[in-house]
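This report concerns only the one structure given below.
What follows draws every value from the coordinates through simple rules; no lab data is involved. The shown structure was predicted, so the numbers you read here are calculated from the model rather than taken from an experiment. Positions of Cβ are backbone-derived with ideal geometry, glycine not excepted, and every protein chain shown enters the neighbour counts.
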Amino acid sequence: MPEPEAGVPAGDAAVSVALRRVVAALVVLEALLLLAGVVALALSADSANVVVMIVVGLALAGGLAAAAVGALQGRRWARGPILTWQLVQGGIALSVVFSPTWWVGVPLLAISVVTAVLVAGGRVIAREPGL
């Protein structure tokens, strides 16, 4: 188990570690769902543009995986990519919620909201001192 953070009570440090694990698991889930979407796209399309979309999807999934590791370690740099992805995914999910495939959008939107609130709250990833 990681050592408690300097200046943070032991109980708060344990909560922070648990929340980091939750955030990392949610971000890894998002990366896996993105990979599943890339595979589905690769199997269903014949266009030359598919290659570019597959490369972009793989890069995004790799970035999400790296951000999940950073969040698990409590690195401040992970906050930006995770929050940016939550905004992108939330926007896409919100448009899907109001379509016939609403059942796909609702869980994606819920994951985005929960992850964004946890990361932006400051208990998962410490803010810079003095902020």
Checklist outcome for this item: So the angle from the long Cα axis of helix 49-72 to the longest Cα principal axis of the chain, reported in degrees to the nearest 10, equals 10 degrees
Checklist entry - Relative to the longest principal Cα axis of the chain, at what angle does helix 79-97 sit, 0 to 90 degrees, rounded to 10? => result 40 degrees
Next on the checklist: Can you order the peptides 33-40, 76-83 by their average number of other Cβ atoms within 10 Å per residue, highest first?
Outcome noted: 76-83, 33-40
Item to check | Top of VAL23, VAL119, VAL15 by mean-square fluctuation, Gaussian network on the chain, Cα under 10 Å | outcome: VAL15
Checklist entry - What relative contact order, as a whole-number percentage, does the chain give when Cα pairs under 8 Å and 6 or more residues apart are counted? => result 28 percent
Checklist outcome for this item: Between LEU32 and ARG123, Cβ-based FRET efficiency (R0 30 Å, step 0.05) works out to 0.75
Checklist entry - If we count other beta carbons within 10 Å of each Cβ, what is the order of ASP46, ASP12, fewest first? => result ASP46, ASP12
Checklist entry - What's the local net charge at VAL69, with K and R +1, D and E -1, over the other residues with C-beta under 15 Å away? => result +4
Checklist entry - Does the chain come out rounded, prolate or oblate, given a ≥ b ≥ c as the square roots of the eigenvalues of its C-alpha gyration tensor, rounded meaning a/c under 1.5 and, failing that, prolate meaning a/b above b/c? => result prolate
Checklist entry - Relative to the longest principal axis of the chain, what angle (0 to 90°, nearest 10) does the C-alpha long axis of helix 102-120 take? => result 30 degrees
Checklist entry - At what distance in nm do the modelled label points of ALA42 and VAL113 sit from each other, each positioned 7 Å from its Cα along Cα→Cβ? => result 3.4 nm
Checklist outcome for this item: Distance in nm between VAL15 and VAL69 label points, each 7 Å along Cα→Cβ, equals 3.0 nm
